[in-house]
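Here, each number is a calculation from the coordinates, and none is a lab measurement. Quick caveat: nothing in here was measured; it's all calculated off a predicted structure. Virtual Cβ from ideal backbone geometry, glycine too; neighbours counted across all protein chains shown.
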Amino acid sequence: MHNVRKLRARSIALNIDRVYEVAILKGLFNSVCVIIGWGRFGSKGQSKVVSFETWDEAEVFVQKKIKKRLGSEKRIGVAYEWVS
């Protein structure tokens, strides 16, 4: 089972078009992996994988990351919005 959350921040005036994706996946040996991808829309971007022992630990980590992104308007001048 995997759970993917996608966010996007866009502003033509500020020349900003960023994407942020977080996925929670079942890893090997009963671990839980969180894969984070970010970058400018249409570019290769960057990614990071973080492993956890439990699904709950991974979910807490993801919630913190998403909370930071949703508060981005103060930092970058445009808010992230959910992408379906």
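Could you tell me whether A23 is in a helix (DSSP H, G or I) and surrounded by 12 or more Cβ atoms within 10 Å (Cβ to Cβ)? Walk me through how you get there before you give the answer.
Values: in a helix (DSSP H, G or I): no; surrounded by 12 or more Cβ atoms within 10 Å (Cβ to Cβ): yes.
Taking the combined requirement at face value, the residue does not satisfy it.
Here is a yes/no grid of residues against (1) within 28 Å of I16 (Cα to Cα); (2) surrounded by 14 or more Cβ atoms within 10 Å (Cβ to Cβ); (3) not charged (D, E, K, R):
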{"residue": "W38", "(1), (2), (3)": "yes, yes, yes"}
{"residue": "Q46", "(1), (2), (3)": "yes, no, yes"}
{"residue": "V49", "(1), (2), (3)": "yes, no, yes"}
{"residue": "F52", "(1), (2), (3)": "no, yes, yes"}
{"residue": "V62", "(1), (2), (3)": "yes, yes, yes"}
{"residue": "R69", "(1), (2), (3)": "yes, yes, no"}
{"residue": "S72", "(1), (2), (3)": "yes, yes, yes"}
{"residue": "R75", "(1), (2), (3)": "yes, no, no"}
{"residue": "E81", "(1), (2), (3)": "yes, no, no"}
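Taking R69 and the conditions (1) in contact (Cβ under 8 Å) with a residue 40 or more places away in the chain; (2) among the basic types (K, R); (3) part of a strand (DSSP E or B), which numbered condition does it fall short on, given that it satisfies the others?
For R69, the failing item is (3).
Yes/no matrix, rows are residues, columns are (1) within 19 Å of R10 (Cβ to Cβ); (2) in a helix (DSSP H, G or I); (3) over 16 Å from the mean Cα position of the chain (by Cα):
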{"residue": "I36", "(1), (2), (3)": "no, no, no"}
{"residue": "S51", "(1), (2), (3)": "no, no, no"}
{"residue": "Q63", "(1), (2), (3)": "no, yes, no"}
{"residue": "E81", "(1), (2), (3)": "yes, no, no"}
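With respect to F29, is the statement that it is without any contact (Cβ under 8 Å) to a residue 40 or more places away in the chain and touching a helix residue (DSSP H, G or I) at 6+ places or on another chain (Cβ under 7 Å) true? Give the steps one after another, and end with the answer.
Numbers: without any contact (Cβ under 8 Å) to a residue 40 or more places away in the chain: yes; touching a helix residue (DSSP H, G or I) at 6+ places or on another chain (Cβ under 7 Å): no.
So F29 fails the test.
Would you mind telling me which numbered condition in (1) among the charged types (D, E, K, R); (2) assigned to a strand (DSSP E or B); (3) touching a residue at least 24 places away in the same chain (Cβ under 8 Å) E59 fails?
(2)
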